[in-house]
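Undergrad: My structure is below; once you've seen it, I'll send some questions.
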Amino acid sequence: MLNTIDIDGRIKLIDLNDLNQPKRTGSYVLLEDSITLIETSASPSIPYLKEGLAKLNIGLDQIKYIILTHIHLDHGGGAGLFLKDCPNAQIVVHPKAARHLIDPTRLELGARAVYNEQFDQLFHPIIPIPKSRIITKENEETLQIGSKTSLIFYDTPGHANHHFGIYDPVSNGMFTGDTAGIYYWTLKEHGFDLFLPTTSPNQFNPLAMIESIKFFEQKNLSVLYFGHFGFTKKVALALDTVKNWIHKFVECSKKGYLSSELDERRIENTYLALRAAIFDFLYSEQVPKDHPVFATLELDLKICSMGLIDYLDKKE
Ligand SMILES: [Zn+2]
């Protein structure tokens, strides 16, 4: 089943069923003079994106800009494949990301190291993007998408060095990608908001992430649009919660790091500590033990633990 959420008439969110999970990763569609998408997810999600756009009566030739908050494959891995069918679109990315879209060899190798044999099922194919179709935006540069609307791009490292946040002046909102964490939308439907950081390899930096989140706080935003999944107007709560969990994540990983000489064991012990902390918290909030969020969290926390130990490895 395809979900498309009408956020405010002007911004729609198409569920891209990343990892075959609903409400996991989405593409935002900004209905401006220049139709603009934010995120495509991975190649296996592109049929959902096309179906969602068709339901919104948007022709692929009408799409002008496809913005990627960063190029981790669950955000931009399908951009090359999708672009082949969007003759008038340009890809907009952080300056540090462009060369990896033009030649995705390193991107693919990095993801294969994390996802191993699951890679093909999750991400194949990664199609290179011609340089002529890519626009880069430095910190505070803008992109005019409507007669009165210009988006503003902000360098927001922490989750990745090549990550930007995109400010929308009309809604006073920020598209945060992964910098401000993940919103576990399936729990929202259960009446509970869970926001957690995402610390996946291999550029996670907790200090930079906290600085980027503080920057979001200073902007007095009205809404946050997450890469995973959905939006919230509880901006202060979301940002504060994620900041607190970053400290907790790092604390767990430091113990995990000291528990063994082997990275594999360090990662496993970090994962177990994080899992215990978060699951206990959710049980205390009366989330039923058979809720699908627990399976999602197990996967996320494994990847987060890899990124945390990778960070400590580089620091030591
Ligand atoms: Zn990411």
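Undergrad: Which of the following residues is in contact with a Ser or Thr (Cβ under 7 Å, 6 or more places away or on another chain), away from the ligand (no atom under 16 Å from the Cβ) and not β-branched (Val, Ile, Thr): Pro128, Pro95?
TA: Numbers: Pro128 fails: in contact with a Ser or Thr (Cβ under 7 Å, 6 or more places away or on another chain).
From the options Pro128, Pro95, the qualifying one is Pro95.
Undergrad: Of the residues that make up segment 185-197, is at least one buried (at least 23 other Cβ atoms within 10 Å of the Cβ), in the same structural domain as Tyr271 (by TED's automatic domain parsing) and within 12 Å of the ligand (Cβ to nearest atom)?
TA: yes
Undergrad: Filter segment 278-316 down to the residues that are farther than 13 Å from Pro201 by Cβ, within 23 Å of the chain's Cα centre (by Cα) and not charged (D, E, K, R) and list them by number.
TA: The answer is Ile278, Phe279, Leu282, His291, Pro292, Val293, Phe294, Ala295, Thr296, Leu297, Leu299, Leu301.
Undergrad: Looking only at segment 162-188, count every residue that is in a loop (DSSP other than H, G, I, E, B), in contact (Cβ under 8 Å) with a residue 24 or more places away in the chain and out of contact with any Gly (no Cβ under 7 Å at 6 or more places or on another chain) and tell me the total. If you could, list the steps in order and put the result at the bottom.
TA: Step one: list which residues in segment 162-188 are in a loop (DSSP other than H, G, I, E, B), which gives 162-163, 169-172, 178-181, 184.
Applying the additional criterion that residues be in contact (Cβ under 8 Å) with a residue 24 or more places away in the chain yields 162-163, 170-172, 178-181, 184.
Narrowing further to those that are out of contact with any Gly (no Cβ under 7 Å at 6 or more places or on another chain): 162, 170-172, 180-181, 184.
Result for segment 162-188: 7.
Undergrad: Sticking with this one: Does segment 198-210 hold any residues that are among the hydrophobic types (A, V, I, L, M, F, W, C) and within 16 Å of the ligand (Cβ to nearest atom), and which are they? Reasoning before the result, please.
TA: Narrowing segment 198-210 to residues among the hydrophobic types (A, V, I, L, M, F, W, C): 204, 207-210.
Scanning segment 198-210 gives Phe204, Ala208, Met209.
Undergrad: What's the number of the only condition in (1) closer than 24 Å to Thr25 by Cβ; (2) not in a strand (DSSP E or B) that His247 fails to meet?
TA: Checking His247 against (1) closer than 24 Å to Thr25 by Cβ; (2) not in a strand (DSSP E or B), the one that fails is (1).
Residue-wise test of (1) surrounded by 19 or more Cβ atoms within 10 Å (Cβ to Cβ); (2) under 28 Å from Gln118 (Cα atoms); (3) among the charged types (D, E, K, R).
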{"residue": "Asn244", "(1), (2), (3)": "no, no, no"}
{"residue": "Lys248", "(1), (2), (3)": "no, no, yes"}
{"residue": "Glu251", "(1), (2), (3)": "no, no, yes"}
{"residue": "Leu272", "(1), (2), (3)": "no, yes, no"}
{"residue": "Leu282", "(1), (2), (3)": "yes, no, no"}
{"residue": "Asp290", "(1), (2), (3)": "no, yes, yes"}
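The values are calculated or read from the model by the stated rules, or taken from the named source; none is laboratory data. The shown structure was predicted, so the numbers you read here are calculated from the model rather than taken from an experiment. Positions of Cβ are generated from backbone atoms using ideal geometry, with glycine treated the same way; all protein chains shown enter the neighbour counts.
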